[in-house]
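Visitor: Questions regarding the structure given below will be posed in turn.
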Amino acid sequence: MPILEGRGVSVAFGGLSALRGVDVAIEEREVVGLLGPNGSGKSTLFNVLGGLLRPTSGEVWFRGQRITGGPPWVAGRLGIGRTFQIPRPFAGLSVLDSVLVGVTFRTRHRYRRAADRRAEAERLLGLVGLADKAGARAAALSLGEMKRLELAVALSSRPALLLLDELASGLSPKGREEVVLFYARLRERGMTIFAVEHSFGLLAQVADRMLVLDQGQIVVDGPPPAVLASPRVAAAYLGEEER
Amino acid sequence: MALGFSMILGVSRSLNLAHGDLVVLGGYVGYSLWAAAGLSPVLLLPVAALALAPAALVWDWLLKRTPEPKELSSLVLTFGLSLLLQTVMRAIWRGEYRLIAESSLGASLQLGTLALNRGRVLAAVAALAVVGLLWLALTRTRWGQAVRATSIDPQAAALVGINVDGARRSTFLLALGLSGATGVLFATLHYVHPAAGVELTLMAIVLSIWAGVGHLRSVLAAGLLLGMIEALTVTGWGPGWREPVVALMLLGSLLARSGGLARGHAH
Amino acid sequence: MRSGLAALLGMGVLAAVPPALGFHPYYLFLLSTAFLLAAVASAWNLLAYAGPISFGHAAFFGLGAYGAALASLGGLSPWGAIALGGLAGAAGAAGVGLLSIRLRGAYLALGTLACAELLRGLALIWSEVTGGGAGLAGIPALPVLPWLPRVLTEGRAGAYYLALALLGAALGLFALIRRSRVGLAFAALREEEERASLLGLRPLPWTLLAFALSGLVTALCGGLYAHVVRVVEPDLVFSRHYSILPLVMATFGGLHTLLGPAAAAIALYLLSELVLHPLLPALHQVGYALALIAVILYLPGGLAGLRRGGRRAHP
């Protein structure tokens with residue numbers, strides 16, 4: 001059984017259809033990449049899968065439970081974690097507190113002692129390399145640091161599945177190498193990942209399987225080499241690759 | 001009255017909680033001129049409208065400087081302005097109840113079998129005329145285009161060469177002028193007192209929610225409906241019920257329209 | 001945090017002195033009113049800490065005052081009556097909090113304002129219970145506690161210490177919340193509600209809790225006020241002042257800070273009554289309005305909590 005499944009997901013904003021009957025299924029411990037030109041519906045699909053947006057039609061299932069259209073905390077409690085393409089930090093909180101929110105209120109592996117929760121939050125910050133920024137205000141971080149915080153916050157609720165939205169975009173080449181390492185580390189830990197990235201090259205390094213979304217429909221589904229060879233990808237991506 | 005509120009919300013994304021107090025101020029200014037110089041109420045309308053011009057410039061200046069999120073900050077700011085106006089009016093006019101009791105307005109107008117109070121007829125005619133003129137100005141003039149464009153997307157409007165600041169300022173002048181004139185009309189029909197403003201503000205908000213921001217003809221229809229509900233409340237249950245009914249209508253409309261106006265501006 | 005508590009304790013000791021020195025009862029009355037307003041401002045700030053900006057705290061103050069007055073006139077001991085009034089305020093506030101299901105930000109603020117106006121109007125109409133516009137008179141005075149020295153409880157001094165104790169309790173509650181899991185949930189929902197829900201936090205119960213706690217403290221102040229003044233009228237206890245002043249004071253003192261709102265409340269109130277009132281008897285309220293306007297325009301730091309959703313990092 002897939003861990004996450006979207007069946008016939010369609011979304012229309014006014015008369016404009018952003019997604020048209022999308023079927024996706026992510027298996028446990030699979031790392032799946034999602035590609036597509038700007039405006040192809042990637043973030044919309046993430047919002048539907050993460051319980052933030054109710055689709056016009058279609059259903060979303062997570063581990064045998066229907067979670068279509070939220071509410072978002074249900075998706076969060078069941079084990080979906082996500083990052084946002086444009087970081088959405090708890091601006092007024094410290095970096096440590098931002099991570100403590102998820103650690104404190106998660107439903108799985110909850111620590112009863114405050115000291116344990118703090119240690120867990122510090123461990124997560126160490127994982128993304130923000131240990132020395134624990135006391136800083138989240139809003140004061142640089143973009144690169146904010147992206148790491150996004151990941152730490154997403155991990156703080158101890159999710160079984162991560163939806164990662166363009167973790168690498170806007171980062172320096174060095175930052176992107178680190179992102180590749182993050183993906184590898186998460187995969188080692190048995191995390192299931194569904195990731196949007198702008199760069200085909202980066203996704204090809206980390207993904208077991210890739211989907212290509214174009215004009216609201218999945219046009220290609222297969223392992224990276226097969227996707228690369230597909231003429232539909234070239235058509236959808238003409239001039240878009242490697243911004 | 002709701003027109004002015006709705007225009008300000010449209011153009012500057014500001015909720016003006018002092019709106020009713022400005023109307024009351026217009027009423028007091030009108031009353032003072034009437035009592036001192038004996039001006040006819042018809043002449044008082046433009047005079048009171050002009051008298052609020054300085055206030056319009058102050059409002060424009062202040063609201064332009066409110067930080068994001070505009071709706072909430074402007075709400076807090078104008079809450080303060082409302083307190084300021086009420087205090088000042090209480091200091092000048094000593095919190096007394098004033099009425100422009102022009103005798104010519106009290107006379108009734110015989111229209112067939114209908115006997116109408118002249119003051120109410122004047123108010124109704126003036127309101128219709130204002131709405132008509134405003135509708136023409138907004139749809140048929142370059143100024144109207146500028147105001148409408150500014151209200152839809154100020155940045156885009158600025159890009160195509162529209163003087164956004166000018167459009168904003170003229171909207172404030174017009175909106176507060178309307179408030180001043182409304183105040184005079186109001187003062188010919190009801191007693192004005194410094195605390196009357198809050199209820200008027202709430203009514204203006206209710207009207208704007210019902211009509212949708214900036215739709216002139218629906219504001220008129222909504223105004224009639226609200227006026228009727230208010231009249232029925234007062235005659236049916238007594239004047240004491242007016243305030244709670246207005247508050248209840250505001251709650252109801254906020255909840256009912258939270259998909260439209262409220263949600264649309266919430267982000 | 002520890003230094004904050006120490007400062008609190010120090011001020012508490014300092015504040016305990018005036019009655020013992022035999023201050024004029026008028027000044028004791030002024031100070032106790034200042035403490036009550038400071039407690040209301042802190043309660044308002046507690047709600048703002050969880051996100052909602054209230055324009056309707058008069059509703060909770062009035063509920064507490066009327067609830068306590070009615071219970072007291074009905075034969076309950078004043079202490080029990082004040083507690084009951086507090087519970088009425090907490091329940092009413094939680095009811096108002098239900099508006100947050102559909103309303104956000106400025107529109108929730110308008111909703112709270114409408115609720116306060118609604119209650120004030122109802123208090124005026126429902127004269128069989130509330131006494132209508134004339135209000136309720138003859139509320140019994142607070143009994144002198146037998147186990148305390150008379151100098152601490154007699155006359156104005158009793159009200160003074162009670163107001164001070166209430167302020168201390170309000171600040172203590174807020175300090176406790178800020179350090180606890182509850183405070184973390186409040187702050188997370190305030191800063192980025194959607195993000196917090198994705199982490200498994202359900203917003204509604206926390207928002208209702210914030211409303212109820214804030215309403216409780218505010219209503220206790222209202223109940224105490226009713227027993228000190230011994231009269232309640234709609235225009236007195238449901239006055240818009242109890243909606244405007246806490247907002248002014250808390251924003252001026254610094255939203256979400258522990259001591260700022262209370263300090264600003266005491267300073268602004270005393271400034272208004274002792275300095276502005278003798279100078280401009282009719283205009284002394286202007287000070288509050290100007291303070292609020294200045295804070296919005298020139299002290300964005302003081303308004304950090306109002307700027308929700310305004311800031312986003314752009315790549």
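The values are calculated or read from the model by the stated rules, or taken from the named source; none is laboratory data. Being a predicted model, the structure only gives us computed values, none of them experimental. For neighbour counting, all protein chains shown are included, and Cβ atoms are generated from backbone atoms with ideal geometry for every residue, glycine included. Keep in mind that these areas ignore ligands, DNA and RNA; they rest on the heavy atoms of the full protein, side chains included. Shrake-Rupley method; radii C 1.70, N 1.55, O 1.52, S 1.80 Å.
Visitor: Are there any trypsin sites (Lys or Arg not before Pro) in the range A:1-64 that are in a DSSP loop and have at most 16 other Cβ atoms within 10 Å? List them by number. Working shown, then result.
Guide: Numbers: sites: A:7, A:20, A:29, A:42, A:63; in loops: A:29, A:63.
Answer by residue number: A:29, A:63.
Visitor: Name the most mobile residue of A:232, A:189, A:123, meaning the one with the largest mean-square fluctuation, in a Gaussian network model of chain A with Cα contacts below 10 Å.
Guide: Answer for the Gaussian network model of chain A: A:189.
Visitor: Moving on. If you take the accessible area of A alone plus C alone and subtract the pair, what total do you get in square angstrom, rounded to 100, with a 1.4 Å probe? List each step's numbers first, then the result.
Guide: Details: alone 11390 and 15190 Å², together 24040 Å².
So the total buried area for this chain pair works out to about 2500 Å².
Visitor: Still on this structure, please answer the following. Where does helix A:143-156 land angle-wise versus the long Cα axis of chain A, in degrees 0 to 90, nearest 10?
Guide: Its long axis makes an angle of about 80 degrees.
Visitor: Relative contact order for the range C:2-307: what percent, with Cα pairs under 8 Å and sequence separation of 6 or more?
Guide: Working: 509 pairs, mean separation 102.8, N = 306.
After rounding, I find 34 percent.
Visitor: Right, another one. Cα convex hull of chain A: mean projected area in nm², to one decimal? List each step's numbers first, then the result.
Guide: Values: hull surface 52.0 nm².
Projected area, direction-averaged: 13.0 nm².
Visitor: Sticking with this one: How many angstrom separate the Cα center of the range C:117-145 from the Cα center of the range C:75-116?
Guide: 17
Visitor: I've got another one for you. Let me check something: with ligands and nucleic acids excluded, how do A:27, B:243 order by accessible area (1.4 Å probe), largest to smallest?
Guide: Details: A:27 80, B:243 55 Å².
The most accessible residue leads, giving A:27, B:243.
Visitor: Can you sort C:191, A:177, A:59 by 1.4 Å-probe accessible area, starting with the largest? Kindly include the intermediate steps, with their values, before the conclusion.
Guide: Working: C:191 25, A:177 125, A:59 60 Å².
If we order C:191, A:177, A:59 from most to least accessible, we get A:177, A:59, C:191.
Visitor: Considering every residue in C:119-130, what mean count of other chain Cβ atoms within 10 Å of its Cβ is obtained?
Guide: 3
Visitor: Separation between the residue B:53 and residue A:112 pseudo-spin-labels, each 7 Å from Cα along Cα→Cβ, expressed in nm?
Guide: Modelled inter-label distance: 7.5 nm.
Visitor: Hey, how many Å between the Cα centroid of the range C:206-251 and the Cα centroid of the range A:122-156?
Guide: For the range C:206-251 versus the range A:122-156, the Cα centre distance is 40 Å.
Visitor: Please pull out the direction-averaged projected area of the range C:2-307, using the convex hull of its alpha-carbon atoms, in nm² to one decimal place.
Guide: The directionally averaged projection comes out at 16.3 nm².
Visitor: Would you mind calculating the relative contact order of the range A:89-158 from Cα pairs under 8 angstrom and at least 6 residues apart, reporting the percent as a whole number?
Guide: After rounding, I find 50 percent.
Visitor: Share of chain A's accessible area from carbon and sulfur, percent, 1.4 Å? Walk me through the intermediate numbers first.
Guide: Working: 5210 of 10180 Å².
Carbon plus sulfur share of accessible area: 51 percent.
Visitor: Using each residue's phi in the range C:236-246, evaluate 6.51 cos²θ - 1.76 cosθ + 1.60 at θ = phi - 60° and report the 3J(HN,Hα) Karplus result to the nearest Hz, with x for Gly and Pro.
Guide: Rounded to whole hertz, the list is 8, 8, 9, 4, 4, 4, 6, 8, 6, 4, x.
Visitor: Still on this structure, I have one more. Work out the length of the dipole vector of the range A:89-158 about its Cα centre, built from +1 on the beta-carbon of each Lys and Arg and -1 on the beta-carbon of each Asp and Glu, and round it to the nearest 20 debye. Could you put the intermediate results ahead of the total?
Guide: On the way: 13 positive and 7 negative charges, 72 e Å.
Dipole about the Cα centre, nearest 20: 340 debye.
Visitor: Still on this model: What figure, in Å² to the nearest 10, do you get for the accessible area of residue C:269 with a 1.4 Å probe and non-protein molecules left out?
Guide: Residue C:269 has an accessible surface of roughly 20 Å² with all protein chains in place.
Visitor: Here is a follow-up. Ignoring ligands and nucleic acids, what accessible area does residue C:252 show with a 1.4 Å probe (Å², nearest 10)?
Guide: Estimated to the nearest 10 Å², residue C:252 gives 90 Å².
Visitor: Shifting gears a bit: Using a 1.4 Å probe on protein heavy atoms only, how many Å² of accessible area do B and C hide from each other, summed over both chains and rounded to 100?
Guide: Details: alone 13620 and 15190 Å², together 24850 Å².
Counting protein atoms only, the buried area is about 4000 Å².
Visitor: How much accessible area per residue does the range A:89-158 have, in Å², with a 1.4 Å probe?
Guide: On the way: 2800 Å² over 70 residues.
Value returned for the range A:89-158: 40 Å² of accessible area per residue.
Visitor: I would also like to ask the following. For A:30, A:197, what's the largest-to-smallest order of accessible area, 1.4 Å probe?
Guide: On the way: A:30 25, A:197 5 Å².
Accessible-area ranking of A:30, A:197, largest first: A:30, A:197.
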